[in-house]
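Participant: Before we start, here is the structure in question, set down as structure tokens.
Every read-out reported here was derived from the displayed coordinates using simple, explicitly stated rules and does not represent laboratory data. Values in this document were obtained by computation on a predicted structure and should not be read as measured data. Note: ideal-geometry Cβ built from the backbone for every residue, glycine included; neighbour counts use all protein chains shown.
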Amino acid sequence: MTFRESLRARRRRRAKARRRRALRSYYEEAPLWLPPHPTFRQFRVAVPRGDARLTFLKIDDRVRNEAVLRRWLVRLAPEHVYFTTSRWLDPQRLGPREYRGRKAGYRVAHNILLGQELYFDIDAPGEFDLAKADAERVLDCLRREGLEDLRLVYSGNKGFHIHAYDFEEKFLPRLPADPRRREAAVQGARKDLVTRIVEAGIGIDVDVTMDPRRILRLPGTVHGATLNICEFVDPLRLGSFRPRRIPQ
């Protein structure tokens, strides 16, 4: 290694150390948020390893309250923090869908879906104002559908997320008794709504809304690529919203 390469490597190590100190300091004091029924969700984090790559880990614990979550975040100082958009009977052992033959996943007992709210991921890379406009259009569409318990979240990067907490009680009051039919029922209950939004030309990530096994960034945490805070936004103040970045 040449002197110049060695100098660059030292600078990278120092920058990484500053970044981890900044994340750890933020999580020691930051107000944290948990989704409804957090003990039935899996929480995942992305942490840096020796090289530039990130390793994804699940929090191997029932996250019952903010204190449990904070303990893990301070310990790991993760670059990214996610939660499962669905609730599961045994979230820590949640695995892939079952397939026949060599690709068989975990047993059905570990994958019993208990329920799911409605979530949207809205991105418009390079056009933040367009992402704001699309978020407002999705909110308007959901209100016309009779949904009222809505939350708007800045993703920490290029767009917004929308949480609809009363979707389940209004559109999916009862899941099938057979666990193998539940995921299809959840997808079917939102298909028409998602189709209308997509046909209106609104830029959403359809998989996040339709797939019960997707994960979403946890509000109150930091987006590791930008160091911006993923946070709730007042829809009435969306036009003037500007991202907040943690200090280094």
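Participant: To test your reading of the geometry: what angle, between 0 and 90 degrees and rounded to tens, separates the Cα axis of helix 3-29 from the longest principal axis of the chain?
Facilitator: Tilt of helix 3-29: around 50 degrees.
Participant: If you don't mind, there's one more thing I want to ask. To the nearest 20 Debye, how big is the dipole of the stretch 108-227 about its Cα centre, given +1 on the beta carbon of each Lys and Arg and -1 on that of each Asp and Glu?
Facilitator: Result for the stretch 108-227 is approximately 340 debye, rounded to the nearest 20.
Participant: Pick from Glu199, Glu117, Glu136: which residue has the top mean-square fluctuation in a GNM of the chain where Cα pairs under 10 Å get a spring?
Facilitator: Among Glu199, Glu117, Glu136, the largest mean-square fluctuation in the Gaussian network model of the chain belongs to Glu199.
Participant: Follow-up question, since we're still on this one. For labels at Ala17 and Ala177 in the simple 7 Å Cα→Cβ model, what's the distance in nm?
Facilitator: Label-label distance for Ala17 and Ala177, simple model: 6.2 nm.
Participant: Hey, with R₀ at 22 Å, roughly what FRET efficiency would Arg49 and Glu127 work out to, going by the Cβ-Cβ distance, to 0.05?
Facilitator: 0.10
Participant: Cut-off is 10 Å between beta-carbons; in what order do Arg214, Arg64, Arg182 appear when sorted fewest neighbours first?
Facilitator: Ordered from fewest to most neighbouring Cβ atoms within 10 Å, Arg214, Arg64, Arg182 come out as Arg64, Arg214, Arg182.
Participant: Under the definition of Cα pairs under 8 Å and six or more residues apart, what whole-number percent is the relative contact order of the chain?
Facilitator: Averaging sequence separation for qualifying contacts and normalising by length gives 21 percent for the chain.
Participant: For the pair Glu169 and Val198, what calculated FRET efficiency results from E = 1/(1 + (r/R0)^6), where r is the Cβ-Cβ distance and R0 = 22 Å, to the nearest 0.05?
Facilitator: In this case the efficiency is close to 0.35.
Participant: Ok, one more. Points 7 angstrom from Cα along the Cβ direction at Asp90 and Leu114: gap in nanometres?
Facilitator: Computed distance between label sites Asp90 and Leu114 equals 1.4 nm.
Participant: Right, something else. Could you line up Tyr27, Tyr154 from fewest to most neighbouring Cβ atoms inside 10 Å?
Facilitator: In increasing order of surrounding Cβ atoms, one gets Tyr27, Tyr154.
Participant: Ok, one more. Quick one: give the max-minus-min coordinate of the C-alpha atoms of the stretch 3-240 along each principal axis, largest first, in Å.
Facilitator: Largest to smallest, the principal-axis extents are 63, 47, 34 Å.
Participant: Quick one: check the C-alpha center-to-center distance for the stretch 49-70 versus the stretch 160-204, whole angstrom.
Facilitator: Cα centroid to Cα centroid, the span is 28 Å.
Participant: Semi-axes of the equivalent ellipsoid for the stretch 109-203, please: Cα gyration tensor eigenvalues, times 5, square-rooted, ordered largest first, whole Å.
Facilitator: In descending order, the three semi-axes are 27, 14, 12 Å.
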